[in-house]
Amino acid sequence: MVTETPKRRFRVPSRLVLQEWLEGYLFASPFIIGFLAFVAYPMIYSIWLSFQRWNLLGDPQFIGFANIIKMFTAERANLSLYNSAYYTVFAVPLQLILAFVLALALTQKIKFRDVYRSGFYLPIIVPLVAWSVVWQRVLHPEFGILNNALSWVGIPPQPWLFDPQLAKPAFVFMSLWMIGRMMVIFIAGLGNIPPTLMEAASLDGASAWKRLWHVTIPLMSPLIFFNAVMGIINSFQSFIPAKIMTDGGPENSTLFAVLNIYNEGFKFFNMGYAAALAWEFFIIVMLFTVVQFYMSKRWVYYED
Amino acid sequence: MTTANTTMQQTVTMAERKSRRKMLERIWLVVLQVLMTIFLISFLVPALWMISSSLKASTEVFAHPIVWIPATPQWQNYARVFEVLPFATFAWNSFLVVLFAVAGTIFSCILVGYSFARLRWPGRDLFFGVLIATLMLPEVIVLVPRFIIFRNLGWIDTLLPLTVPFWFATTPWTPLYVFLMRQFFKGIPMELEEAALIDGASRIRTLIQIILPLSKPVIATVTVFAMLQHYTDFMNPLIYVSSLEHWTLALGIAGLNADESFKASWELVFAAGTFMTIPVIILFIFAQRYFVQGITMTGFGGR
Amino acid sequence: MTDKKSTLSRRQFLILSGQGALALAVLAGCGQAAQPAEEAPAEEPAAESGGEQAEPAAAPVELEFLAWGDPADIEAWDKLSSLYMERNPNVTVKVTSVADPNNNFYPKLQTAVAGGTPPAVSSFQGWEWQIYADNGVLAPIDDYIDRDSFTAPYPEGIKSIEDSTARNGKRYLIPLQLGTMVMFYAKNHFDEAGVPYPTEDWTMEEFLDIAQKLTDTSGDFKKFGMQANGSWFRDIHWIRSTGKQEFDEIVDPKKALFNQPEIVDMLQLMAYDVYHTLKIAPTPADMEAGANAIETGNVAMKYEGAWFFGRLNSPELREEGKQIEFDVLLMPQGADPERPHRGWAEGVALPQSEKVEAAWEFAHFMGSEEGDKIYAETTGRIPNSLDLVESFWIPTIQERFGVQNGQAFIEAFKRSEVDVVGGVPRSKMWSEIVKPVGYDPMLGGSATAAEVLPKVDEELQKVLDEYWASQ
C-alpha cells in the first residue's frame, strides 16, 4: 500500500469564487488604475527623470549623476532642508503643547465648551491662501496688528518677514493657529480616560500635577505620538505660506523644501533636478517616520 | 477628650477642607473660563481683522494709528473685487472643481472601499497595504512627473488634472477616504448583504441598496472633508492652470495679492479673502459634527 | 430564473471598459515626449504666394493668438481682433490671454510649441523671443516687411529697436509698443519743501542731493526722496550710466562682468546705500504689501515707465481727488556722456506654421498706424513709431495724465540700448543667480556690493559657459 504524502493540489476555483475575484478587481479597479497611472508610474518616471536635464523645450538630455551631486552639494538645496527642519523642530513641539493644554482646559467643567472648541478649530478650515494673505499683513512692519499689539507692551516694531533671523520664528508663531486638529484628537483621547482611574489616583493622594504626569500623559502617549508624527509630516511639507508671504525670502531664509522643489521645477524648469530633489525629500520623510516609530517603543504606552 | 470628640473634630476639619477645596475649584473654573475667553478672542483676531478690514475705506488702510474698525462699512469693496479681477469666473471654476472632484471621490472611494471590505481576491491585502502606504506619501514626489504626463495629454491649463485623478481614488487625500469607507463597511453586519445575495441580487445592487443607505455618516464625512480640501487647494491649481479664465478662487486671491496695482488695496484683498472663506464657514456651521467625526475617525483633518 | 451571478451586468462591463480605455489613453500618452501636431483644421491655409486676399471668397482661416494678459491689453486685443474680423470675414482670431502673475506666459507658449501646436501669433517682449528664433521656432518676416513697406516701426539708427526685433540679419518681432523709462517726480514733495523741480541737465550729485532734501521719516507719514527699484533690470540704467556694462556684449553675452569698480560702486549706492546708509529710499520692509510707495504719496521720485501714469494721475483719480500731480524728465547725467537710457520694443512674433501669411496680415494690422493707435489708446502704452509718439501720444498723455514733458520719452528712446538679449534668457539669469546671490543680500543689508558681485560673476559665468558649450 503506497501512502501518498498529501500534496497540495491546485483546484480550479469554483465559479463563485472566480466571480468574487472578478468583482473584487472590478470594484477596486479605480484605485488600481489610479495608483498605477498617477502614483507608481510617475514615481518611476521621476527616477528616470532625475538623471536627465530637461527644460521642456527640446529633448531630455542624459547627464548621469549630475543632478544627484548637485542636490547634495548645492547650497540652496541643503539650506531648504535646514529651513524645513528648523521650522518643524520648533513648530511641532509648541503645537503639541498648546493643543494639549487647550484640550485639558476644554475638558474641564467650564461652560460653552463647544464654542471654544469650534473657535480654536476655525483657522484650520479657513483657506490657507486667504489666511496667508492676511498674515502677511498681520506681520507688516508698519501697519500690521502684531507690531501694533507689541507696541502696547513697549516692544519696538519688528521687520518680521524681512529679517532673515525673524522670518522663520514668525512662521513658527503663525503655525500655532493650526492646532485645532491636534486639539480635537486630544479632547477625544482625554474623554476616553476612565474617570475611575483619575478618582483612584486622587484618592491615593496624588496632586493634580502628579496625576497629569503619571496618569494622563502616559495614557495619552499613543495620541501624542500620532499627533507628533502627523505634525512633523505636515510641517515638513509646508508650502503655501512661504510661497505667498515671502516666496522663500528674505535671503532664502524661508525657502522650505517643498517650495524649493516647486521653484526648481516650475519656475526654473529644471525638471530633472526637481525630480531628484523630490526623491531626496521623500526618502528623508520616510526615514524620519520610521525612526519615530522605533523611538516610540520607548515612551509610548499601549494598553497591552 | 473622649474619642467621640476627636472623631467629631476630625469630621469637622475634613468637611472644612472639602468645602474649601470646592470653593477653590469653583474659583479655578471661573478663572479658567475667563482665561479661555480672552485666549479665544485673541486667537480669532486675525480672522476678525480680515473681516473688519475688508470693509475699510482705502484711506483707512495705511492710517496712523492703525484702524481696527472702519468708520463706515464700505460694502462696495466686495463689488469692487469682482470688477478688478473676474472673481465670478474664479468662483465658478472653484465650484466646478469641487463638484467633479468630490463626485469622483465619492464614486471611487465607495467602490474601492467596498472591494477592500467585503470582497476577497488575490492581491487584495497587498493593494490594501499599498493604499496605507500612499496615505503617507508626500504630494511633492508626484508633482513634476504628473505635470509632464498631463502636459502630454494636453490637459494643462484645464480643470481636468484637478478633477479626473480623483475618480481613481488617487493621492492626495482620497486613499484616506477609501480607508474610512472600508472601516465603516466592515462594521456593517454581513447578514444583510448575504441575504440579498442569496436572493440573487448582484453585488452592485447590494452595494447601492443596502450598504449605501446605512453609510450616510461616513459618506457625509468624506464629502465634507473632500469639499474642503478641493476648495482650498492652491498648489495644484497653481501648477496646472495658467489662463485667467480657468483660475480658481485660491489663485484669484494669490493673484490679487501679487498684483502691483492691487496688493496695496488691503481692503480688496481682505474682501476677496472673506468672500472665499464664507462658504467654508457656512459648511462648518451646518456640518460641524462631520468635521469632528472625521478627525476622530482618522486623525487627519482639514489639511 | 437566469443565473445572474455568472454574467457581468452590463453596467459593470461599461464601467470596466470605460476605465480601461481611459487607462490605456493615459499610459499611451506617457510614452511620447511630444505629441504629433493635431490634425490640421479642415480649412486650407491662405495661398502662400504674394497678393492680397481681398475677395470674400478667400478660404476661411482660424488664427490663434497667444496674448499678454494685462487687463488693459486684454481690452485692446478684443478691439483689435473684432475690428480685424469685421474687415476680414474669412478670418477668425481666437485670443487666449495669459496673465503673468504666476509667471506663466512663456511656459504656456513653451508647452504649446513643444506639443507641436504653436499659436499663429504670440506676444513677446523684446528680449525673450531670441531663444525661440535660435531654435527655429519663429518665422522671419523680412520678406513681408519689404512686400508691404512696413518700415515705420523700424527706424534706422536706434540700436534698441534693432536688437529687440532682429537677430543674425533677420527680422522677427513686430513691435506694438516701445518701452523706455524715465524719472517720475511728484510735484507736491518739491513744493512743500521749497525745492525747485529738477531740470534736464541735472547730474547724479544733484539727484542724490535733492533726494536727501526731500526725505523726512520722523513723523507718522514717512517721506522719502526716491523709491529704489531693487531689481537688476531697472538698475541697468544706473549701471550703464557709469560708461561700463555688466557683460562683454549685450547681444549674446559670453562673459559676466559685474565685478568692475564702477559697477560695484554704483550698485553699492543703488541697491544698498539708498536703503541702509543714506536712507533716502523705503526699504522692502517699508514697502511690504504696497505701503510707502510713490503712489501712496510717500515718495518724491521714481524711475518708471509709461504704464505707471495711471497709478499716479488719471481722470478717475482726479474725480475722487486722489491724484498725485507729477511730471517726467530724463535721468540725471552720469559718467557716460552719451547718457544712454534703456529701451526696448514689445509686440508679437509669428511661430512657424502653415498660417504664417495669414498671421502676418493680422499682426501687420495690429502694428499699422491705425491698429497701433487703437492699441496705444486702449493700453496707454507708447506706440511703435516715433512719429506716432510725437503726433498722437504726447498730446494724449498730457490731457489724460497731466504729463507736460512727454518729449522726455522721445529723447530717452533715441539714446536707448537694450538690457541684454540672446543666449541665456535674462529672466533665468535674474531669478536663479542675480537676485538670490546679489540683490537679496544687498537689499536686506547683510552684504555689500563688493562682497556679492564677484560671486554673481562666478555663478553667472558658469551658466553662460554651460549654455555656450552646448551650442
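Readers should treat all values here as calculations from the given coordinates under stated rules, not as data from a laboratory. Computed from a predicted structure; not experimentally measured. Ideal geometry is used to build each Cβ from the backbone, glycine not excepted, and the neighbour counts take in all protein chains shown.
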Estimated [θ] at 222 nm from DSSP helical runs (n ≥ 4, -39500 (n - 2.57)) normalised by residues in the protein assembly as shown, nearest 500: -17000 deg cm²/dmol
Exercise: per-residue mean of other protein chain Cβ atoms within 10 Å, C:405-417: 0
Amide H within-cut-off set for C:His341, under 5 Å, with H built and near neighbours excluded: C:Arg415, C:Ser416, C:Glu417
Top of A:Thr73, A:Thr88, A:Thr246 by mean-square fluctuation, Gaussian network on chain A, Cα under 10 Å: A:Thr73
Cα-centre dipole for the protein assembly as shown with unit charges at Cβ (Lys and Arg positive, Asp and Glu negative), debye to 20: 7640 debye
Candidates A:Ala149, A:Ala170, A:Ala274: whichever shows maximal mean-square fluctuation once chain A is modelled as a Gaussian network with Cα springs under 10 Å: A:Ala149
Sites matching trypsin sites (Lys or Arg not before Pro) across the stretch A:39-136 that sit in DSSP coil, with at most 11 neighbouring C-beta atoms within 10 Å: A:Lys109, A:Lys111
Rounded to the nearest 20 debye, dipole of chain B from Cβ charges on Lys, Arg, Asp, Glu: 1140 debye
Charge dipole (chain A, unit charges on Cβ, about Cα centre) - positive-most of A:Met286, A:Pro156, A:Pro250: A:Met286
Within-15-Å neighbourhood charge of A:Gln158 [Cβ basis; K, R +1; D, E -1]: -2
Residue-wise HN-Hα coupling along the stretch C:125-142, computed from phi with Karplus coefficients 6.51, -1.76, 1.60 (Hz; x: Gly, Pro): 8, x, 10, 10, 8, 4, 5, 6, 4, 4, 8, x, 7, 9, 8, x, 10, 4
Positive dipole terminus of the stretch B:3-53, leading residue within B:Thr37, B:Val12, B:Leu48 (C-beta point charges): B:Val12
For the stretch C:233-244, 3J(HN,Hα) per residue [Karplus equation, 6.51 cos²θ - 1.76 cosθ + 1.60, θ = phi - 60°, Hz, x = Gly/Pro]: 4, 5, 6, 4, 4, 4, 4, 5, 5, 7, x, 10
Which of B:Val224, B:Ile149, B:Ile132, positive extreme of dipole for the stretch B:80-298 (C-beta unit charges): B:Ile132
Lys, Arg +1 and Asp, Glu -1 on Cβ, resulting dipole of the stretch B:1-75 about Cα centre, debye, nearest 20: 420 debye
Listed pairs C:Lys222/C:Lys302; B:Lys56/C:Lys302; A:Lys70/C:Lys462; C:Lys255/C:Lys435; A:Lys267/C:Lys94 exceeding 21 Å between Cα atoms: B:Lys56/C:Lys302; A:Lys267/C:Lys94
The stretch C:191-274: GluC sites (Glu not before Pro) in DSSP loop, at most 16 other beta carbons within 10 Å: C:Glu200, C:Glu249
Label-point separation, C:Lys455 to C:Glu319 (7 Å along Cα→Cβ), nm: 5.1 nm
Highest-fluctuation residue, B:Ile253, B:Ile38, B:Ile188 considered, GNM on chain B with Cα pairs under 10 Å: B:Ile38
Average partner coverage of A:277-286, which counts Cβ from other chains inside 10 Å: 3
